[in-house]
Amino acid sequence: MPEFSEHQPQPGDTVGACAHVIQTQLTTGDWGAAHWFQSTDATLGCIGPDGQTKKVQMDWMVLCPACFVKYRNDWSKAPLAGFTTWESTEPIVQVSGEN
Ligand SMILES: [Zn+2]
C-alpha cells in the first residue's frame, strides 16, 4: 500500500516537472506514475513577459520513474522542463522525498 504524505502541494504552489512527466500530462491529462519532491532549492529558468530570462523557484519537483532513478541521490539537479501552478481541484499526491 502506498503511503500518502500529509504534505502535498497547496493551491498557488509552483510545481516543476521533467519533460517526460510534462509529456504524460499533455497526452493523458494526469501526472502518471511520477515521483514528487518537496523542494526549496530547485529553480527553472524561464523567459518573462519583459523578454528577460529569470529563475523561478519551484515549491515541488515531479520526476518520471527514469529520472527518479537517475537523480535519486541528487534529485535537486534533475532537469526540469516546465512548471505549473497548483490548483486546489487537483488530487492528493504521493511524496517520494523531501529536501
Ligand atoms: Zn523524466
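All alpha carbon pair distances within segment 14-77 were sorted into 10 Å bins beginning at 0; the resulting P(r) in whole percents reads 22, 46, 27, 4.
Placing unit charges on the Cβ atoms only, positive for Lys and Arg and negative for Asp and Glu, gives segment 14-77 a dipole magnitude near 180 debye about its Cα centre.
Subtracting the Cα-Cα distance of T85 and V69 from their residue separation scaled by 0.36 nm leaves 3.2 nm. For the pair D41 and Q23, label points projected 7 Å from Cα toward Cβ lie 2.7 nm apart.
Values in this text are rule-based calculations from the coordinates and carry no lab data. All of these numbers come straight from a predicted model, not from anything done at the bench. Because the Cβ atoms are built from the backbone with ideal geometry, glycine has one as well, and the counts that use them run over all protein chains shown.
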